[in-house]
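One structure is given here, and the rest of the page talks about it.
Taken together, the values in this text are just the output of simple stated rules run on the coordinates, not laboratory data. Everything numeric in this text was worked out from a predicted model, so none of it was measured. In this analysis, Cβ positions are derived from the backbone assuming ideal geometry, glycine residues included, and neighbour counts consider all displayed protein chains.
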Amino acid sequence: MCGIVGAVAERNITTILIEGLKRLEYRGYDSAGLAVYSAQGALERRRRIGKVSELEAAVAAQPLSGKLGIAHTRWATHGAPSEHNAHPHFSGHDLAVVHNGIIENHEELREQLKGLGYVFSSETDTEVIVHLLHHTLKTQPDLTEALKVAVKQLHGAYGLAVISAKQPDRLVAARSGSPLVIGLGHGENFLASDQLALRQVTDRFMYLEEGDIAEIRRDKVSIWNQAGQAVQREAVQYHEGAEAADKGEYRHFMLKEIHEQPTVVQRTLEGRLGSDHVLVQAFGPQAAELFAKVRNVQIVACGTSYHAGMVARYWLEELAGIPCQVEVASEFRYRKVVVQPDTLFVSISQSGETADTLAALRNAKELGFLASLAICNVGISSLVRESDLTLLTLAGPEIGVASTKAFTTQLVSLMLLTLALGQVRGTLGAGVEADLVEQLRRLPVRLGEALAMDATIEKISELFADKHHTLFLGRGAQFPVAMEGALKLKEISYIHAEAYPAGELKHGPLALVDNDMPVVTVAPNNELLEKLKSNLQEVRARGGQLVVFADEQARMSNGEGTHVIAMPHIADALAPILYTIPLQLLSYYVAVLKGTDVDQPRNLAKSVTVE
Ligand code: HGA
């Protein structure tokens with residue numbers, strides 16, 4: 001994803017900008033650029049395709065310095081990765097912008113601006129912002145005020161920063177759908193899309209909220225909210241460890257990462273949602289064109305990522321009417337695969353270096369797929385580099401070997417894919433997209449509510465600590481969630497766990513059930529609920545202990561040997577994401593009770609780069 005860094009200071013800020021970009025680089029990039037206001041009173045720019053080190057070399061070869069500047073690493077959505085599409089974009093010689101996000105009405109604005117005589121030098125959506133602002137400055141000469149007027153005409157998502165050679169006392173910024181944070185210094189201030197970029201210069205931050213406009217001067221920061229009122233945003237002191245590779249207040253990385261899920265899910269959604277729809281371009285510049293041709297989807301992944309793919313199959317077929325197959329990469333890569341015409345190949349991997357998944361992608365290229373899409377947490381990985389399209393999960397570094405936040409952000413990304421494909425193909429039911437976009441926006445809060453059940457789940461975990469086997473049941477899209485629950489328990493507590501679609505119980509596994517075999521169930525709150533209740537009776541009749549996670553509106557109650565844990569109500573389609581949380585917590589607390597090495601379970605490794 002793109003990165004933004006900006007600075008206004010009394011010293012040369014060029015190296016601060018470059019260092020900031022480097023810190024954001026792990027998310028991926030295709031070009032980098034910066035513009036500074038030089039001592040000669042002009043904006044000077046350097047842009048390069050590729051890594052930040054290319055830009056750094058360009059600056060070393062042709063030095064530039066200044067006390068005000070903006071910089072950017074780009075992940076193209078509109079227009080190919082090239083030097084002329086790299087940010088910052090200029091209007092004339094005096095105005096420069098860097099932008100994260102997608103301007104949806106860019107075509108319309110481009111036409112209007114061309115009519116006003118503006119000449120475009122890139123294919124990006126971003127360039128309309130800078131010309132629009134330039135035009136607005138003709139009637140509203142104050143840069144900050146002009147920005148307030150201009151952003152009203154932008155539809156879509158943006159986090160943007162602007163500098164002007166005519167008003168070099170400030171950096172101005174606007175946030176709507178893509179995050180921005182101000183770094184507060186002494187006699188100098190900074191801006192970035194992620195505080196990580198600014199840790200070298202400050203530990204005090206102010207987070208912009210949706211719709212905020214900011215004017216950042218060396219010695220003063222002013223902010224206006226969406227309604228145009230001047231507001232104060234709280235300055236927060238950053239404590240090392242709150243997000244870094246450090247457990248902070250948590251006993252294990254896994255617990256910390258479980259608790260990060262509301263934040264990282266929010267981050268994964270940011271910049272990808274319009275008012276009532278998914279921004280298709282978030283998948284890359286050719287996404288809309290390619291998605292229009294997709295008639296089938298083939299998902300390939302391993303382990304936890306495979307379970308995310310299994311959930312997506314239910315979504316793609318039920319919501320978007322698109323046939324979908326899912327297969328583990330180690331099987332897919334070694335069998336003869338018959339590819340249906342117009343099939344999109346989707347690979348899912350946290351690290352993007354999973355050997356089997358990567359090999360499957362490489363094979364897929366020979367097999368006649370329409371195109372490849374990577375859903376991945378590491379922007380600079382092989383999987384991303386070798387795929388046609390990418391959607392990055394923005395889970396941040398995951399240290400615990402057993403995947404947690406990577407899984408839920410994969411699910412969110414796959415829901416975005418479902419809606420994007422359905423939107424482009426016109427196969428979603430009326431109102432489905434708007435409704436799910438709304439539900440997705442509320443998801444981080446629901447996840448927070450599920451995390452608040454921590455103590456209840458810790459108590460329930462006592463039921464499992466002395467057991468050797470556990471059965472997980474689910475139906476519909478909750479079946480893969482049960483599979484993921486079983487995998488988590490196996491991975492970190494070493495208790496043997498199996499997952500079954502609840503309807504399969506009587507076809508075999510019921511023979512295993514006795515009072516030594518707890519049965520964990522994730523109950524859907526749809527037409528399958530009544531069927532599931534019958535399945536649970538079958539377990540109770542054999543003396544099995546039941547732990548049921550059910551919607552608070554599902555009218556299920558505790559009874560002899562049945563522990564019902566009420567879950568916050570959520571739209572059926574998003575239930576798999578929410579119900580993952582208690583299962584992660586359950587495995588975690590069982591493992592803690594058993595005293596296993598939670599973060600580094602025996603025999604396992606984080607990024608499986610071998611076959
Ligand atoms: N739409 C802009 C910025 C892309 C972006 O934010 N990517 O994450 C462009 O294509 O340059």
- request: Using label points projected 7 Å from each Cα along Cα→Cβ, tell me how many nm separate Asp142 and Glu366, to one decimal.
  value: 6.6
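Could you calculate the contour length gain from Tyr250 to Ser275, that is, 0.36 nm times the residue separation minus the distance between their Cα atoms, to one decimal place in nm?
Details: separation 25, 0.36 × 25 = 9.00 nm, distance 3.63 nm.
Net length gain for the segment: 5.4 nm.
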query: Let a ≥ b ≥ c be the square roots of the eigenvalues of the Cα gyration tensor of the stretch 473-533; is it rounded (a/c under 1.5), or, if not, prolate (a/b larger than b/c) or oblate?
result: oblate
Of Phe291, Ala76, Val590, farthest towards positive along the dipole that unit charges on Lys, Arg, Asp, Glu beta carbons give the chain: Ala76
message: Could you work out the relative contact order of the stretch 80-127? I mean the mean sequence separation of Cα pairs under 8 Å and 6+ apart, divided by the number of residues, in percent.
response: 46
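Share of Cα-Cα pairs in the stretch 96-211 beyond 21 Å, in percent? Walk me through the numbers on the way to the answer.
On the way: 2606 of 6670 pairs.
Cα-Cα pairs in the stretch 96-211 separated by more than 21 Å: 39 percent.
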- prompt: Picking from Val172, His134, Gln112, whose Cα lies most toward the positive end of the charge dipole for the stretch 45-189 (charges on Cβ: Lys, Arg +1; Asp, Glu -1)?
  reply: Val172
statement: Taking Cα atoms only, Rg over Rh for the chain with Rh from the Kirkwood formula is 1.00
task: Please give, to one decimal in nm, the separation of the simple spin-label points placed at Gln537 and Glu111, each 7 Å out from Cα toward the Cβ.
output: 6.3
- prompt: Which of the peptides 173-183, 8-18, 107-117 is most tightly packed, and how do the rest follow, judged by the mean count of other Cβ atoms within 10 Å per residue?
  reply: 173-183, 8-18, 107-117
query: Among all the lysines, which ones have a C-alpha under 25 Å from Lys152's C-alpha, if same-chain residues fewer than 8 places away are not counted?
result: Lys114, Lys138, Lys166, Lys220
message: I need the fraction of alpha carbon pairs in the stretch 315-425 separated by more than 21 Å, rounded to a whole percent.
response: 35
- request: Under 17 Å Cα to Cα from Lys148, which aspartates and glutamates show up? Leave out anything in the same chain fewer than 8 places away.
  value: Glu209, Glu210, Asp212, Glu215
message: Ranking request for peptides 427-438, 575-586, 129-140: highest mean number of other beta-carbon atoms within 10 Å first, then the rest in descending order.
response: 575-586, 129-140, 427-438
query: Is the stretch 235-363 best put as rounded, prolate or oblate by its Cα gyration tensor, with a ≥ b ≥ c the root eigenvalues, rounded for a/c under 1.5, and otherwise prolate when a/b is larger than b/c, oblate when not?
result: oblate
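Can you sort His93, His496 so the residue with the fewest Cβ neighbours within 10 Å comes first? Could you put the intermediate results ahead of the total?
Numbers: His93 11, His496 14.
Listed from fewest to most nearby Cβ atoms, that is His93, His496.
Do the alpha carbons of any pairs in Lys405/Lys490; Lys365/Lys488; Lys405/Lys506; Lys256/Lys594; Lys336/Lys488 sit beyond 26 Å of each other, and which pairs?
Values: Lys405/Lys490 18 Å; Lys365/Lys488 32 Å; Lys405/Lys506 34 Å; Lys256/Lys594 19 Å; Lys336/Lys488 31 Å.
Listed pairs above 26 Å: Lys365/Lys488; Lys405/Lys506; Lys336/Lys488.
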field: Relative contact order %, the chain, counting alpha carbon pairs below 8 Å whose residues are six or more apart
entry: 11
field: Mean Cα-pair separation over length for the stretch 534-611, i.e. relative contact order, pairs under 8 Å, 6 or more apart, %
entry: 18
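In debye to the nearest 20, how big a dipole does the stretch 434-521 give about its Cα centre with +1 on each Lys and Arg Cβ and -1 on each Asp and Glu Cβ? Could you put the intermediate results ahead of the total?
Values: 9 positive and 13 negative charges, 46 e Å.
Roughly 220 debye, rounded to the nearest 20.
Would you mind putting 591-601, 520-530, 458-468 in packing order, based on average other-beta-carbon counts within 10 Å, highest first? Show your work: numbers first, answer last.
Working: 591-601: 17.6, 520-530: 21.0, 458-468: 15.7.
Averaged packing, sorted descending, gives the order 520-530, 591-601, 458-468.
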- prompt: Going by alpha carbons, how many degrees (0 to 90, nearest 10) lie between the helix axis of 303-318 and the longest principal axis of the chain?
  reply: 90
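When the convex hull of the Cα atoms of the stretch 21-171 is projected onto a plane and the area is averaged over all directions, what value comes out in nm²? List each step's numbers first, then the result.
Details: hull surface 33.8 nm².
Directional mean of the projected Cα hull area for the stretch 21-171 stands at 8.4 nm².
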message: Shape verdict for the stretch 151-254, please, from the Cα gyration tensor: rounded (a/c under 1.5), prolate (a/b greater than b/c) or oblate.
response: prolate
message: Please compute the modelled spin-label separation between Gln62 and Asp597, points set 7 Å along Cα→Cβ, answer in nm with one decimal.
response: 5.3
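Rounded to the nearest 500 deg cm²/dmol, what is the calculated helix-only ellipticity per residue at 222 nm for the chain, with -39500 (n - 2.57) per DSSP H run of length n ≥ 4?
Numbers: 18 runs with 205 residues, N = 611.
Only helices count here, giving -10500 deg cm²/dmol.
Only sites in a loop by DSSP and with at most 16 other Cβ atoms within 10 Å count here; which trypsin sites (Lys or Arg not before Pro) in the stretch 301-337 make the cut?
Details: sites: Arg313, Arg333, Arg335, Lys336; in loops: Arg333, Arg335, Lys336.
Here the trypsin sites (Lys or Arg not before Pro) that fit, given the DSSP loop and packing criteria, are Arg335, Lys336.
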